[in-house]
Amino acid sequence: MTKPRPAVPMREPTYFILAALQEEPLHGYAIVKRAHELSDGRVRLTTGTLYAALDRLSNEELVQVAEEAVVNGRARRTYELTERGLSALHEEAARMVAAARVVRVRSARSTAATVQTAPA
């Protein structure tokens, strides 16, 4: 019996785009702002990067267009997370928690071993 292949980790911008859409549908600029806030400023999406990612995520059925409107003569799309996208986001969060647990457990063991071998 073969082991299932582990999921490929999401790139950080993808993770925060999906996280930005977790609470409500958003248009492009709002996604950029929310991803920046949620990542504590680490993720800075350009327009080109955002829309390329949204096209890819839409093709993967992780996000979908919730609404299209014309605002000031320009098309504005609002995107929302799909059930599949929410599931992928939760799976990635669980993967990151498991990865962090490895470091924390090893760090705790290392600290405990250092304390036990320290001279009195």
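Laboratory data are not the source of any read-out in this text; all were calculated from the coordinates shown. What you are looking at is a predicted structure, and each value in this text was computed from that prediction instead of being measured. Cβ atoms come from the backbone with ideal geometry, glycine included; neighbour counts cover every protein chain shown.
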Open item on the list: Looking at residue 71 and the list (1) in contact with a helix residue (DSSP H, G or I) (Cβ under 9 Å, 6 or more places away or on another chain); (2) over 18 Å from residue 23 (Cβ atoms); (3) without any contact (Cβ under 8 Å) to a residue 24 or more places away in the chain, which single condition is not satisfied?
Closed with: (1)
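Based on this model, can you work out whether residue 46 counts as more than 22 Å from residue 96 (Cα to Cα), touching a Pro at 6+ places or on another chain (Cβ under 7 Å) and of a type in the set (S, T, N, Q)? Break it down stepwise before answering.
Working: more than 22 Å from residue 96 (Cα to Cα): yes; touching a Pro at 6+ places or on another chain (Cβ under 7 Å): no; of a type in the set (S, T, N, Q): yes.
No.
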